[in-house]
């Protein structure tokens, strides 16, 4: 890899990929063989990216593609909440590298927008044994993917021309270590305070695709204290669970 090694907290064990391999699949393979918590697979390029099952993440060069192996000491019902922890960690990391007053927003539960363009996504995977959770984060840093109409990149949509994937990785690593500990100690309240401050207002129309392929269209009512999204659909209310979205059992 032609970039400098990242300076990360000791809680992480970085694994750099420089051959274009799929970061998500590589990390899941490590999780299946019992990789230690804190194993962090990362790359600035990958030939073929993958988001949630069946979804492609188009991955321009000079991006940040990472996957962090976690060893949950919490119930499976809480696993989806880690997605929101990862999302605000990535958002706050990004905020360190964009111009003041840049519009940075979250779209429940896994997208980050800069100046209205999607620049980053977050998703979760569980290994077959159910004893490892993998948090995936993908950020378009230098350039947006040509295949996605509404996509942007950090440098173009608010970041400085000098912003690098390694700098974002270092910022994310610090933020996530802080916020996962806050979540463990104080629950969802501090996480949701951050999330709600940059999330769509009630009444905003949304279109979501769940892990089973169902498309859900409605308008935002609220994000509840468990991080679930309440929508209004044709006069009826529906509550979407984080585990349901991420496909966690």
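We did not get these values from a lab; they are worked out from the coordinates using the rules stated. Since the model is a prediction, treat every value here as computed from it, not as a measurement. All Cβ positions, even for glycine, are placed from backbone atoms using ideal geometry, and neighbour counts span all protein chains on display.
Here are the numbers:
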quantity	calculated
Stokes-Einstein D in µm²/s, Kirkwood radius over Cα pairs - the range 66-142 at 37 °C with 0.692 mPa s viscosity	248
Cα shape, the range 205-246, gyration tensor, a/c 1.5 rule	oblate
Whole-number D in µm² s⁻¹ for the chain, Kirkwood Cα-pair radius fed into Stokes-Einstein, 20 °C, 1.002 mPa s	118
Label-reachable residues, the range 127-148, where backbone N falls under 17 Å from a point 7 Å from residue 11's Cα toward its Cβ	133-137
Per-peptide average of other Cβ atoms within 10 Å, ordering 209-221, 141-153 highest first	141-153, 209-221
Least to most buried among 132, 45, 4 (fewest other Cβ within 10 Å first)	4, 45, 132
Inter-label distance for residue 249 and residue 206, nm, one decimal - labels placed 7 Å from Cα along Cα-to-Cβ	2.6
